[in-house]
Amino acid sequence: MQRPLSISFRDMPPSPAVEARIRAHAEKLERLFSRITGCNVVVEAPHHSHHKGKLYRISINVKVPGREIAVTGTGPRDHAHEDVYVAIRDAFEAAARRLEDHARRARGDVKTHEAPLYGTVDKIFPQEGYGFVLMPDGQEVYFHRNSVVNDGFGALRAGSKVRVTVADGEGEHGAQASTIVPASKHNITGAAEK
């Protein structure tokens, strides 16, 4: 960690044993993601109520380049959190999950879904069972009757709007569609065409 770990206690006296447990958990976080620039932990013992025992709340703020990951002890009441060590464990497990998510996004491991591609049937050869879709960028994409969903090949005409999934690699006719879905007026851009 570039800055030292900061531990604060509210409504309770400082405890060397609790601090040692927090330091051990913070070291585990640093092994998960080595670029942590700071970590602040607040241990709070709310006042005792007559209906529930004293539930410890742990707040953790982990600083990483370009972001802060915060875990607060607010949420559903868990009576296991009457034990400060259980509350600390649960808070650090939540921080670890968020830190792992951040690390995956930083590495680019999180898949992003591209917007569907739409095009217009440019040429169709019904007897031969294939056609070509003209994409907005001017590319022609080959499709076979088997790539049209719900046996919809017979309903396609030149000028029909379609949603296209382009296959990886190229076939003998160049770019090839793995799936063609006839598009209604409402699903081309999310709004009806004018």
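Worth pointing out:
- If the condition is being surrounded by 12 or more Cβ atoms within 10 Å (Cβ to Cβ) and of a type in the set (S, T, N, Q), then segment 111-143 contributes THR120, GLN139.
- Any hit, segment 100-115, residues being in contact with a helix residue (DSSP H, G or I) (Cβ under 8 Å, 6 or more places away or on another chain), modelled with pLDDT of 85 or more, assigned to a helix (DSSP H, G or I) and not assigned by TED's automatic domain parsing to the domain that holds VAL166: yes
- Residues within segment 144-161 that are surrounded by 15 or more Cβ atoms within 10 Å (Cβ to Cβ) and closer than 12 Å to THR120 by Cβ, tallied: 3
- Segment 24-36, subset farther than 13 Å from ARG89 by Cβ and either touching an Asp or Glu at 6+ places or on another chain (Cβ under 9 Å) or at pLDDT 90 or above (or both), residue surrounded by the most Cβ atoms within 10 Å (Cβ to Cβ): ILE36
- Any chance THR74 is modelled with pLDDT under 90 and in contact with a Ser or Thr (Cβ under 9 Å, 6 or more places away or on another chain): yes
- Test: residue in segment 15-23 that is in a helix (DSSP H, G or I), surrounded by 13 or more Cβ atoms within 10 Å (Cβ to Cβ), of a type in the set (A, V, I, L, M) and modelled with pLDDT of 90 or more: yes
The values are calculated or read from the model by the stated rules, or taken from the named source; none is laboratory data. Owing to the predicted nature of the structure, the values given are computational and were not obtained by experimental measurement. Neighbour counts run over all protein chains shown; Cβ positions are idealised from the backbone, glycine included.
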